[in-house]
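Chemist: There's a structure below that I have some questions on.
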Amino acid sequence: MNFGKKIWVIGNSSEKSQKTVTALKKLLKVEHFIFDDINPEIVVSVGGDGTLLRAMHMYESQLDRVRFLGVHTGHLGFYTDFTDHELFEVVQALKNENFREAVHYPLVKVKVSFDDGYQIVRHVLNESTIRRASKTMLGDVQISGELFERFRGDGLSISTPTGSTAYNKSIGGAVMHPRVEAMQIAEIASLNNRVYRTLGSPMIVAKKDTITVIPAAEDDYSLTFDQLSFEYKNIKTIEYSMDGATIAFANCAHTPFWERVKTSFIGEVE
């Protein structure tokens, strides 16, 4: 039973998403859910994976007590379990949802330190990337404090296990199950010749380790935290780690990971 569960519904700007949000709110109101955008127990994302990522970052400071559920209104999303034609099923699932059965996916913590001592700390569900705006990026890569390589190329991507199926996959990274608590670092168009050498392949880095990138002193770096992009200068270090933070998905007919991978990339096998 919902017993007055506090809920909030977020959609994207498309007409289809907005209509679905309106219809879903009407059904939830009938079932006496409490609408609370400040301290919700469950956040329902209506749209696609981008909408869910936006919702996650909106409630990034409350991830220890907020659960998420995705409803897709277009192509099948990797983080969505229901379609816009299944709103009655969504409501019934939410009524019977039990927070103790939530499905947790690990996040990667990103700590950006600047020359003046200022720091930014964010968590990502898919990946964080670092690039230069227009020129080749140069930076030292350390694994748990030990210099591993001096990178030259377009940039680097550090992804979570679930994020391994996103941008990471498109640049040749491996697909990882969320139960493998590890980060993945993948190079973006690295330079490899007789003068410059990098590993040239993705690396799986254990949860106990940290990845630190020390970029050369330039003023045109672009950093992403999932779909959020920022321009920075005077970056001293960027440290990636897994501190135990997770995102919780309401266990409402939650689709198993490998089934999501198959549906998203392969389809029916004949």
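The values are calculated or read from the model by the stated rules, or taken from the named source; none is laboratory data. Predicted, not measured: the structure shown is a model, and the values here were computed from it. Heads up, the Cβs are rebuilt from the backbone with ideal geometry, glycines too, and the neighbour counts pull from every protein chain shown.
Chemist: From the set of residues in segment 176-207 that are closer than 16 Å to SER128 by Cα and among the β-branched types (Val, Ile, Thr), which is surrounded by the fewest Cβ atoms within 10 Å (Cβ to Cβ)?
Modeler: Checked segment 176-207; the qualifying residue surrounded by the fewest Cβ atoms within 10 Å (Cβ to Cβ) is ILE204.
Chemist: Tell me which residues, restricted to segment 129-154, are within 25 Å of GLU181 (Cβ to Cβ), part of a strand (DSSP E or B) and touching a Ser or Thr at 6+ places or on another chain (Cβ under 6 Å).
Modeler: Step one: list which residues in segment 129-154 are within 25 Å of GLU181 (Cβ to Cβ), which gives 129-130, 141-149, 151.
This time we only want the ones that are part of a strand (DSSP E or B), so: 129-130, 141-143, 146-149, 151.
The answer is THR129, GLN142, GLU149, PHE151.
Chemist: Going by the conditions given, is ILE235 touching a helix residue (DSSP H, G or I) at 6+ places or on another chain (Cβ under 9 Å), aliphatic (A, V, I, L, M) and under 27 Å from ILE120 (Cα atoms)?
Modeler: Working: touching a helix residue (DSSP H, G or I) at 6+ places or on another chain (Cβ under 9 Å): no; aliphatic (A, V, I, L, M): yes; under 27 Å from ILE120 (Cα atoms): yes.
No.
Chemist: Further question: What's the total number of residues in segment 155-166 that are assigned to a strand (DSSP E or B) and of a type outside the set (Gly, Ala, Ser)? Before you say what the answer is, go through the steps one by one.
Modeler: Restricting attention to segment 155-166, the residues satisfying the condition of being assigned to a strand (DSSP E or B) are 155-159.
Keeping just the survivors that are of a type outside the set (Gly, Ala, Ser) gives 156, 158.
Matching residues across segment 155-166 total 2.
Chemist: I've got another one for you. Which ones in segment 86-101 are of a type in the set (S, T, N, Q) and in a helix (DSSP H, G or I)? Show your work before the answer.
Modeler: Applying the first criterion (of a type in the set (S, T, N, Q)) to segment 86-101 yields 92, 96, 98.
Within segment 86-101, GLN92, ASN96 qualify.
Chemist: Working only within segment 214-243, note down all residues that are part of a loop (DSSP other than H, G, I, E, B) and touching a residue at least 40 places away in the same chain (Cβ under 8 Å).
Modeler: At the first step, the residues of segment 214-243 found to be part of a loop (DSSP other than H, G, I, E, B) are 216-220, 226-227, 233-234, 242-243.
Scanning segment 214-243 gives ALA216, GLU218, ASP220, ASP226, GLN227, ASN234, MET242, ASP243.
Chemist: May I pose another question? Within segment 1-33, track down each residue that is surrounded by fewer than 15 Cβ atoms within 10 Å (Cβ to Cβ) and either touching a strand residue (DSSP E or B) at 6+ places or on another chain (Cβ under 8 Å) or among the basic types (Lys, Arg) (or both).
Modeler: Within segment 1-33, GLY4, LYS16, LYS19, LYS26, LYS29 qualify.
Chemist: Which members of segment 60-83 meet the condition of being in a loop (DSSP other than H, G, I, E, B) and closer than 12 Å to VAL44 by Cα? Give the derivation first.
Modeler: In the first step, residues of segment 60-83 are kept if they are in a loop (DSSP other than H, G, I, E, B); the result is 63-66, 73-81.
Passing the criteria: VAL66, TYR79, THR80, ASP81.
Chemist: Among THR237, THR224, THR160, THR210, which is the only one that is at pLDDT 95 or above, crowded, with 22+ Cβ neighbours inside 10 Å and not assigned by TED's automatic domain parsing to the domain that holds ALA55? Spell out how you get there, then give the answer.
Modeler: On the way: THR237 fails: crowded, with 22+ Cβ neighbours inside 10 Å; THR224 fails: crowded, with 22+ Cβ neighbours inside 10 Å; THR210 fails: crowded, with 22+ Cβ neighbours inside 10 Å.
Residue meeting the stated conditions: THR160.
Chemist: Scan segment 19-40 and report the pairs whose first residue is without any contact (Cβ under 8 Å) to a residue 12 or more places away in the chain and whose second residue is of a type in the set (A, V, I, L, M, F, W, C) and loosely packed, with under 13 Cβ neighbours inside 10 Å, with Cβ atoms within less than 8 Å and a gap of 6+ or a chain change.
Modeler: LYS29/PHE35
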